[in-house]
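Just so you know, all these numbers are worked out from the coordinates, no wet-lab data involved. Model, not experiment: these values are computed from the prediction. Positions of Cβ are generated from backbone atoms using ideal geometry, with glycine treated the same way; all protein chains shown enter the neighbour counts.
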Amino acid sequence: GENVEQHPSTLSVQEGDSAVIKCTYSDSASNYFPWYKQELGKGPQLIIDIRSNVGEKKDQRIAVTLNKTAKHFSLHITETQPEDSAVYFCAARDRTGRRALTFGSGTRLQVQP
Amino acid sequence: NAGVTQTPKFQVLKTGQSMTLQCAQDMNHEYMSWYRQDPGMGLRLIHYSVGAGITDQGEVPNGYNVSRSTTEDFPLRLLSAAPSQTSVYFCASSDLGADTQYFGPGTRLTVL
């Protein structure tokens, strides 16, 4: 089955700096890669996603890049703000009928004011 | 539009007790699923359903049962709780033809 590894597990940046979180996946058949933000005591919330036929996608301060050959994808957050502090999860979805998301282990991002 | 709702928010059980975690969505989504979240491990799929009357197993199904009698509801049953089932449980839903999965707020379960 699919295996997703995520790094780093914790990340501390100063407000205004950029943050980068990286993930690798094992199944070359995976075709959908979402990123979720989870705030304390809440469920994961989708912040951006990318499909395997696209190399990069941006939404304001957030961008995701995908390298299918190397089987890795990354989340980039620019001009970080204290409200960006949360746990971020990457995921990959297989092509079976399960539509299951395989999650990375999460990155705790702390933005220092 | 409430989205995905889960009850209860918190629950403490003794080993061997049974209970049902409730999940409901009001978006008319065909696909619903249950995940568990353990520290340092991300979320893992327990069971899923692609429509009323259709369920199947995910990555970690042992000790859990599900049923899907309506489009809106997808309850998760623990028949005999074990300490290893202490976790946070999330329900999610999506359109079958869409990518985005919407997650509920979660149920924190402790089994003593």
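Here, P(r) means the percent of Cα pairs in each 10 Å bin from 0 to the largest distance; for the range B:73-112 it is 25, 43, 24, 8, 0. In this simple spin-label approximation, A:D17 and B:M27 carry label points 7 Å from Cα along the Cα→Cβ vector, and these lie 3.5 nm apart. Loop-located trypsin sites (Lys or Arg not before Pro) in the range A:1-100 (DSSP state other than H, G, I, E, B) with a sparse environment of at most 16 neighbouring Cβ atoms within 10 Å: A:K42, A:R61, A:K68, A:K71, A:R95.
When the GluC sites (Glu not before Pro) in the range A:28-113 are filtered for DSSP coil states and for at most 14 other beta-carbon atoms within 10 Å of their beta-carbon, the remaining sites are A:E39, A:E79. A quarter of the convex hull surface defined by the alpha-carbon atoms of chain A gives 6.8 nm² as the mean projection. In this simple spin-label model, placing a label point 7 Å from the Cα along the Cα-to-Cβ direction at both B:A82 and B:T5 gives a separation of 3.3 nm.
For the peptide B:101-112, the mean number of other protein chain Cβ atoms found within 10 angstrom of a residue's Cβ is 3. In terms of surrounding Cβ atoms within a 10 Å radius of their Cβ, A:T69, B:T5, B:T55 rank from fewest to most as A:T69, B:T5, B:T55. If you plug the beta carbon distance of B:D56 and B:A98 into 1/(1 + (r/R0)^6) with R0 = 22 Å, you get a FRET efficiency near 0.70.
Please compute the volume of the convex hull spanned by the alpha-carbon atoms of the protein assembly as shown and report it per residue in Å³.
About 120 Å³ per residue, rounded to a whole number.
Round to the nearest 0.05 the FRET efficiency obtained for B:T15 and A:S28 when R0 = 35 Å and r is the Cβ-Cβ distance. Working from the Cβ atoms, E equals 0.25. Taking a point 7 Å from the Cα of A:H7 along the Cα-to-Cβ direction, the residues of the range A:14-34 with backbone N closer than 16 Å to it are A:20-26. For the peptide B:5-14, the mean number of other protein chain Cβ atoms found within 10 angstrom of a residue's Cβ is 0. Distance between the modelled labels on A:Q60 and A:L40, one decimal in nanometres: 2.3 nm (7 Å Cα→Cβ projection). Restricting the range B:14-100 to trypsin sites (Lys or Arg not before Pro) that sit in a DSSP loop and have at most 11 other Cβ atoms within 10 Å of their own Cβ leaves B:K14.
Restricting attention to the protein assembly as shown, the count of lysine pairs at 8 or more positions apart or across chains with alpha carbons under 17 Å apart stands at 10.
Starting from the coordinates of the alpha-carbon atoms of chain B, obtain the Kirkwood hydrodynamic radius over all distinct pairs and give the value in Å to one decimal.
Values: mean 1/r = 0.0720 Å⁻¹.
By the Kirkwood definition, the hydrodynamic radius is 13.9 Å.
Note on A:32-40: average number of Cβ atoms from other chains within 10 Å of each residue's Cβ is 2.
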